[in-house]
Amino acid sequence: MQSDGSLEWTPPEGRWEIIRFGYSLTGHQNSPASPEATGLEVDKLNADHVKSYFDNYLDQYKDATGGLMGKRGLQYIITDSWEAGVQN
């Protein structure tokens, strides 16, 4: 697909139906949250963004525990809040 939305494709013979999916951030920020934790929600449809988010998140725990992660430290984390609403 080109940046103008046009599709340049020569399909093999057969019956084809083209379906385009897209998504965009809404600009909604999470709340309630402390000022330093307030911001846009991570794009959960992008694996690289989610990995970056969790790497940063876990690095904060690693710093707070002096590196005690795994068998001799922090072993489990659960994220149960959903301040920004559902991914749509």
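Results, tabulated for the structure shown:
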read-out	value
Amide H contacts under 5 Å for L74, placed H, 5+ residues apart	M69
Helical mean residue ellipticity (222 nm; -39500 (n - 2.57) per DSSP H run of 4+; nearest 500) of the chain	-7000 deg cm²/dmol
Amide N of the range 18-36 lying under 12 Å from the label point, which is placed 7 angstrom from the Cα of M1 along Cα→Cβ	18-24
³J(HN,Hα) computed for each position of the range 7-12 - Karplus, 6.51 cos²θ - 1.76 cosθ + 1.60, integer Hz, glycine/proline x	10, 10, 7, 10, x, x
Point-charge dipole on Cβ atoms (K/R +1, D/E -1) for the chain, about Cα centre, debye to 20	400
Förster radius 25 Å - calculated FRET efficiency between I77 and N46, Cβ distance, rounded to 0.05	0.75
The chain - percent of accessible surface contributed by carbon and sulfur, probe 1.4 Å	52
Mean separation of Cα contacts under 8 Å (6+ apart) over length of the chain, as relative contact order %	23
Sparse-neighbour loop sites [chymotrypsin sites (Phe, Trp or Tyr not before Pro); the range 23-80; at most 15 other C-beta within 10 Å; DSSP]	Y23, Y76
Principal-axis tilt of helix 47-64 within the chain, Cα atoms, nearest 10 degrees	10
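The values are calculated or read from the model by the stated rules, or taken from the named source; none is laboratory data. Note that the structure is predicted; figures quoted are calculated from it, not measured. Cβ: placed from backbone, ideal geometry, glycine included. Neighbour counts: every protein chain shown. Please note that ligands, DNA and RNA were not included when accessible areas were found on the heavy atoms of the full protein model with its side chains. Shrake-Rupley method; radii C 1.70, N 1.55, O 1.52, S 1.80 Å.
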